[in-house]
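Scroll down for the structure; my scribbles are underneath it.
The values are calculated or read from the model by the stated rules, or taken from the named source; none is laboratory data. Computed from a predicted model, the values in this text were never measured in an experiment. As a convention, Cβ positions derive from the backbone with ideal geometry for all residues, glycine included, and neighbour counts pool all protein chains shown.
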Amino acid sequence: MTDAPPTTPLPILKLSGAPRELGLRHGQALAREIRVLRRALLTYLAKVSLVAGAPPLYALLLFLARRFWPHIPAPLQEEMQGVARGAGVGLGTVLLINVLDDLANNSPRCSALAAGGPSTGDGSFVLGRNLDYPLFTEVMIKYQTLFLLEPAQGLPLASLSWPGYVGVCTGMNRAGVALAQLSAMSRDRSLRGIPAALRFRRALEGGAEVLTAAALILQAPGTIGNNLLLCSAKEAAGLEISARRGVIRYPEAGLLLATNHYQSSPMTPLKGRFPPRPPFSALSAYHFTEAYSQARLARLKTLTGGTPLGPEKIRAILADPAIANAGTVVTAVFAPAAQKMWVARGSRPPVSQGPFQEVRLWG
């Protein structure tokens, strides 16, 4: 894995202020890109509905997305309203960008690991993740953006995401708590909760320590199943959560691994069915099974044995052909002690093949 300069440097957008101001500047800066993402969704809906076309399906998604609105904290509502105003698009479009995963929950291919203590050379924890998506891979790679946010209230944070997205699925706050979100197939789902990535955004804004962030997540009503890894320089925790339940896993020999199924016995009864392969996905039906999730977990266990797990080693693990796939659109590694991250800048999936761009987040 090289740190050679990428052909296209990672776009970095710095935003500060009150929620509506954060959103307004976000929308103004990325108005064109937000429209591109909306057009990509409409194009896909038109392909899967040759008879009715895209508008009825898009209207249905907007109707369902609005069910989440009363459960979103007011500051995040204001920020999304600001994004919509700044970009000159409807609020429904911005809301849908932020809750599409809560509606579809069809990304059961992500992989992540946190290593520290005896597993790393200096004992500091490092977090690495692949985010794999079944569709829209071209636009997700092209328009990936690092947001450096300084909210009027709460901790400053970095979020690796996309135009219009105000939640956090891959990020770290200035206190050095890093987070990686993975889907988990769960029977316990709800439309009456805080959408997943918005739930995790609140945790990073309010959690200066790993267990504080974990508590904020567990206390908030959710929507879907997720596996999360949280780590700071000196501690790490894994969360297995559903809409209403959750447990914390702790490192064993300094190591935490996660894919897309629950590993803890309290959450096993809540396991749900894995979704079918969506039309026109570049991935096979096997990629949408628990067997694939279990196979990746077994491969992670094999690859994390032996040599110390520094950032470069973790990047190599995430590029392994049994871990990465044709849907890998994000690969990131966090070193909280150094307040650094490395982001894969490959032009096609799996992006984990590199090259990687090093980003010093603060300082």
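A quick yes/no check of all residues on (1) hydroxyl-bearing (Ser, Thr, Tyr); (2) at pLDDT below 95; (3) in contact with a Ser or Thr (Cβ under 7 Å, 6 or more places away or on another chain); (4) outside the structural domain of Ala65 (by TED's automatic domain parsing):
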site	(1), (2), (3), (4)
Leu148	no, no, no, yes
Met172	no, no, no, yes
Ala175	no, no, no, yes
Arg202	no, no, no, yes
Ala208	no, no, no, yes
Thr212	yes, no, no, yes
Ala215	no, no, no, yes
Ala233	no, no, yes, yes
Val247	no, no, yes, yes
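Selection within region 49-72: residues that are aromatic (Phe, Trp, Tyr) and surrounded by 12 or more Cβ atoms within 10 Å (Cβ to Cβ). The member of this set that is farthest from the chain's Cα centre (by Cα) is Tyr58.
Within the group Gln353, Gln357, Gln339, which residue is in contact with a strand residue (DSSP E or B) (Cβ under 6 Å, 6 or more places away or on another chain), surrounded by fewer than 24 Cβ atoms within 10 Å (Cβ to Cβ) and of a type outside the set (A, V, I, L, M, F, W, C)?
Gln357
Within the group Gly207, Gly164, which residue is touching a helix residue (DSSP H, G or I) at 6+ places or on another chain (Cβ under 8 Å) and either among the acidic types (Asp, Glu) or on the phi > 0 side of the Ramachandran plot (or both)? Among Gly207, Gly164, only Gly164 is touching a helix residue (DSSP H, G or I) at 6+ places or on another chain (Cβ under 8 Å) and either among the acidic types (Asp, Glu) or on the phi > 0 side of the Ramachandran plot (or both).
Restricting attention to region 204-226, the residues that are crowded, with 17+ Cβ neighbours inside 10 Å and either part of a loop (DSSP other than H, G, I, E, B) or touching a residue at least 60 places away in the same chain (Cβ under 8 Å) (or both) total 6. Taken together, the residues in region 200-238 that are in contact with a Gly (Cβ under 6 Å, 6 or more places away or on another chain) and closer than 19 Å to Asn105 by Cβ amount to 5. Scanning region 124-156 for residues that are closer than 20 Å to Arg199 by Cβ and of a type in the set (Phe, Trp, Tyr), we see that the one that is surrounded by the fewest Cβ atoms within 10 Å (Cβ to Cβ) is Tyr133.
Please tell me if Gly116 is more than 19 Å from the chain's Cα centre (by Cα), buried (at least 23 other Cβ atoms within 10 Å of the Cβ) and not aliphatic (A, V, I, L, M). Here the answer is yes, as Gly116 does meet what is asked. Arg273 fulfils the conditions (1) of a type in the set (Lys, Arg); (2) under 25 Å from Gly176 (Cα atoms); (3) modelled with pLDDT under 95 except for a single criterion, (2). Taken residue by residue, region 188-195 has at least one member that is in a loop (DSSP other than H, G, I, E, B), in contact with a helix residue (DSSP H, G or I) (Cβ under 9 Å, 6 or more places away or on another chain), among the acidic types (Asp, Glu) and modelled with pLDDT of 95 or more. Output yes when any residue across region 28-48 is at pLDDT below 95, under 28 Å from Pro278 (Cα atoms) and in a loop (DSSP other than H, G, I, E, B), and no when none is. No, region 28-48 has no match at all.
Identification of strands (runs of 3 or more DSSP E) wholly contained in region 255-363 with 2 or more residues that are among the charged types (D, E, K, R) yields 356-360.
Matching residues to (1) of a type in the set (Gly, Ala, Ser); (2) under 19 Å from Ala213 (Cβ atoms):
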position: Asn105; (1), (2): no, no
position: Ser111; (1), (2): yes, no
position: Gly117; (1), (2): yes, no
position: Val126; (1), (2): no, yes
position: Glu138; (1), (2): no, no
position: Ile141; (1), (2): no, no
position: Gln144; (1), (2): no, no
position: Leu148; (1), (2): no, yes
position: Gly154; (1), (2): yes, yes
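Considering only residues that are within 19 Å of the chain's Cα centre (by Cα) and surrounded by 18 or more Cβ atoms within 10 Å (Cβ to Cβ), look in region 250-282 and name the one that is nearest to Leu103 (Cα to Cα). Top of the filtered list is Phe274.
Return yes or no: is Pro251 in the same structural domain as Ala208 (by TED's automatic domain parsing) and at pLDDT below 95? Here the answer is no, as Pro251 does not meet what is asked.
Can you tell me which of Gly171, Gly90, Gly86, Gly121 is surrounded by fewer than 24 Cβ atoms within 10 Å (Cβ to Cβ) and without any contact (Cβ under 8 Å) to a residue 40 or more places away in the chain?
Values: Gly171 fails: surrounded by fewer than 24 Cβ atoms within 10 Å (Cβ to Cβ); Gly86 fails: without any contact (Cβ under 8 Å) to a residue 40 or more places away in the chain; Gly121 fails: without any contact (Cβ under 8 Å) to a residue 40 or more places away in the chain.
One residue alone meets the criteria, Gly90.
Checking the conditions here, which among Thr307, Thr302 is modelled with pLDDT under 95, hydroxyl-bearing (Ser, Thr, Tyr) and assigned by TED's automatic domain parsing to the domain that holds Asn173?
Thr307 is the lone residue from the list that is modelled with pLDDT under 95, hydroxyl-bearing (Ser, Thr, Tyr) and assigned by TED's automatic domain parsing to the domain that holds Asn173.
Within the span defined as region 321-328, every residue fails to be exposed (fewer than 13 other Cβ atoms within 10 Å of the Cβ), closer than 21 Å to Ala236 by Cβ, out of contact with any Ser or Thr (no Cβ under 6 Å at 6 or more places or on another chain) and without any contact (Cβ under 8 Å) to a residue 40 or more places away in the chain. In region 107-129 there is at least one residue matching the filter, namely being touching a Ser or Thr at 6+ places or on another chain (Cβ under 6 Å) and closer than 24 Å to Leu60 by Cβ.
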